[in-house]
Amino acid sequence: MATAVITPDKDAIHVEVFVAAPPERVFQAITDPAQTAQWWGDKGMYRVTGGHADLRPGGTWSSEGVGADGTKFKVDGEYLEVDPPRLLVHTWNPDFSKHKNKTVVRWELESRPVHGLQQRGPHKMGMGTVLKIVHSGFAGDEKDAADHGNGWASDLGWMQAVVERGQTIDTRS
């Protein structure tokens, strides 16, 4: 389960999760609009319904969605750094935010071995990914940072569910 930590200056949040899948697979899940629409959101809350990604420095991205009440929303930005499958940095511009702080999201993906127990002891089964997000630029707005931190913790759990178990918005309980 992912948890969010706000920096003491209330400018950034840090969120981390381990995903039992290789970095290449996790990178696809976070950058392919067709895949983000499978996991980003939850019944009764909101859901991403589509978007686009021009995955290169200077390229743009967007995600469109709908809230539980039917209100449409959009989040977009520009890619600042793209180094598949290790690093993704982009701006974050949600149309639903009351605060117009310019924020930046940094995704760091680090490969880690996945071990399982067997009769003879722990055994390497494959590769997993430690995914770290740093979302910065909240300029001391603790409420906005906390709201985004809680959102990222949920979002990463949903992404983990689709990558590890194939559970989409429509199939997870």
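The values are calculated or read from the model by the stated rules, or taken from the named source; none is laboratory data. Bear in mind the structure is a predicted one, so any value in this text is a computation, not a measurement. No Cβ is skipped: glycine too gets one built from the backbone with ideal geometry, and neighbour counts run over all protein chains shown. Remember, those area values only see protein heavy atoms, side chains included, never the ligands or the DNA or RNA. Shrake-Rupley method; radii C 1.70, N 1.55, O 1.52, S 1.80 Å.
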>> Name the residue that is nearest to residue 141 (Cα to Cα), counting only residues in the range 94-107 that are open to solvent by 20 Å² or more (accessible area, probe 1.4 Å) and at pLDDT 95 or above.
In response: 104
>> If residue 127 satisfies all but one of (1) surrounded by 14 or more Cβ atoms within 10 Å (Cβ to Cβ); (2) modelled with pLDDT of 95 or more, what's the number of the condition it fails?
In response: (2)
>> Which of the numbered conditions does residue 112 fail, given that it passes all the others? Conditions: (1) of a type outside the set (A, V, I, L, M); (2) over 15 Å from the mean Cα position of the chain (by Cα); (3) modelled with pLDDT of 95 or more; (4) assigned to a strand (DSSP E or B).
In response: (3)
>> Anything in the range 33-76 that is closer than 24 Å to residue 137 by Cα, touching a Pro at 6+ places or on another chain (Cβ under 9 Å) and among the small types (Gly, Ala, Ser)? List them, or say none.
In response: 51, 53, 62, 63
> Regarding residue 90, is this residue part of a strand (DSSP E or B) and surrounded by 15 or more Cβ atoms within 10 Å (Cβ to Cβ)?
Replying inline: yes
> Can you tell me which residue in the range 62-87 is least open to solvent (accessible area, probe 1.4 Å), limited to those that are under 18 Å from residue 40 (Cβ atoms) and aliphatic (A, V, I, L, M)?
Replying inline: 75
>> Within the range 22-61, take every residue that is among the β-branched types (Val, Ile, Thr) and under 16 Å from the mean Cα position of the chain (by Cα) and give me the one that is surrounded by the fewest Cβ atoms within 10 Å (Cβ to Cβ).
In response: 49
>> Taking the criterion of being of a type in the set (Lys, Arg), at pLDDT 90 or above and either open to solvent by 60 Å² or more (accessible area, probe 1.4 Å) or not in a strand (DSSP E or B) (or both), would at least one residue in the range 153-170 satisfy it?
In response: yes
> For residue 9, which of the numbered conditions (1) open to solvent by 70 Å² or more (accessible area, probe 1.4 Å); (2) modelled with pLDDT under 95; (3) assigned to a strand (DSSP E or B) fails to hold?
Replying inline: (3)
